[in-house]
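Here is the structure we will look at.
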Amino acid sequence: MSKEERKKREKEQRRNTIIDAAEKVIFEKGIEQSTMEEIAHEAELSKGTLYLYFKSKNELYTAIAQRGSDILNRRFAKMFAGDFTGLELIRKIGETYLNFVNENPDYFRAFMYYESMSDVEELQESEIAGHCEENRREALGFMIRALQIGMQDGTIDESYDPRELAIVLWSSTRGITTMTHMKGIGHYFKVLDDMEIQVSSLFESFLNLIGTGIATDEARNKLMTDSQKK
């Protein structure tokens with residue numbers, strides 16, 4: 001290994017150490033209550049060294065969101081190695097997303113914080129934010145690809161524009177998942193309590209609605225038959 005390669009590896013290792021420390025501090029205290037001093041202390045680095053890698057706490061939290069979206073997209077990618085119809089892939093994308101949020105609520109909070117950032121200039125200048133946007137496009141690309149597969153294998157109605165449908169499905173999935181996440185951390189959804197609706201059954205109904213709504217007649221009939229057998 002050359003000297004330059006060793007330095008590059010050491011720099012990447014230190015960067016990951018900082019992100020690990022940031023996760024520990026921010027996941028325990030929240031982004032607003034955490035400080036760069038605390039993160040530097042956790043990483044056993046000086047505050048000055050921290051700023052050599054990340055310009056601000058926002059950028060560091062964006063790096064956490066990037067790490068989470070990297071993990072999520074790898075899970076999406078693995079699904080395409082299986083023998084699934086396009087309609088099955090759409091459902092699995094929704095299930096995978098919900099499972100990820102349930103298992104990693106702190107990453108989901110990082111996603112939401114990143115998306116709520118209003119400093120456009122800071123986002124435009126950040127390479128890390130650029131990576132997050134690439135991950136978002138890649139995730140949407142998985143949805144588009146699944147729809148195209150379904151249109152080719154006859155399980156999804158080909159009258160839809162796969163790009164437009166992907167955006168509708170992705171935003172809808174995100175909305176239901178956000179509600180599930182908020183309910184899971186104790187957020188009070190009185191309307192759901194008043195209607196005696198469980199979030200888990202709500203998500204299942206949502207997935208079923210998607211499946212029957214975009215399916216071809218043949219695939220829809222199969223779904224109904226399979227459901228009746230259960």
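Database remark: amide H of ILE156 closer than 5 angstrom to the amide H of MET151, THR216 (H placed geometrically; neighbours at sequence offset of 5 or more, or on other chains; Pro and chain starts carry no H).
Across segment 136-153, rounded Karplus estimates of 3J(HN,Hα) from the backbone phi angles (6.51 cos²θ - 1.76 cosθ + 1.60, θ = phi - 60°) give 5, 5, 5, 4, 5, x, 4, 5, 4, 4, 4, 5, 5, 4, x, 5, 7, 8 Hz, Gly and Pro being marked x. In the assembled protein chains, ASP217 presents an accessible area of approximately 110 Å² (probe radius 1.4 Å). Taking Cα centroids, how far is segment 77-156 from segment 1-64 in Å? Taking the Cα centre of segment 1-64 as reference, the centre of segment 77-156 is 25 Å away.
The HN-Hα couplings worked out from phi for segment 205-222 by the Karplus form 6.51 cos²θ - 1.76 cosθ + 1.60 (θ = phi - 60°) are 5, 4, 5, 5, 5, 4, x, 6, x, 9, 6, 6, 4, 5, 5, 5, 5, 5 Hz, whole numbers, x standing for Gly and Pro. Of GLU133, GLU4, GLU115, the order by accessible heavy-atom surface (1.4 Å probe, DNA, RNA and ligands excluded), from most exposed downward, is GLU4, GLU115, GLU133. Rg/Rh for segment 46-112 (Cα atoms only, Rh after Kirkwood) is 1.16. If you take the beta carbon distance between GLU44 and GLU125 as r and set R0 to 35 Å, what does 1/(1 + (r/R0)^6) give as a FRET efficiency, to the nearest 0.05? Computed FRET efficiency for GLU44 and GLU125 comes out at 0.75.
The phi-based Karplus calculation (6.51 cos²θ - 1.76 cosθ + 1.60; θ = phi - 60°) puts the 3J(HN,Hα) values of segment 34-39 at 8, 10, 5, 4, 5, 5 Hz, whole numbers, x for Gly and Pro.
The values are calculated or read from the model by the stated rules, or taken from the named source; none is laboratory data. This one's a predicted model, so the numbers in the text were calculated from it and none came from an experiment. Positions of Cβ are backbone-derived with ideal geometry, glycine not excepted, and every protein chain shown enters the neighbour counts. Note: accessible area is taken over every heavy atom of the protein model, side chains too, but ligands, DNA and RNA are not part of it. Shrake-Rupley method; radii C 1.70, N 1.55, O 1.52, S 1.80 Å.
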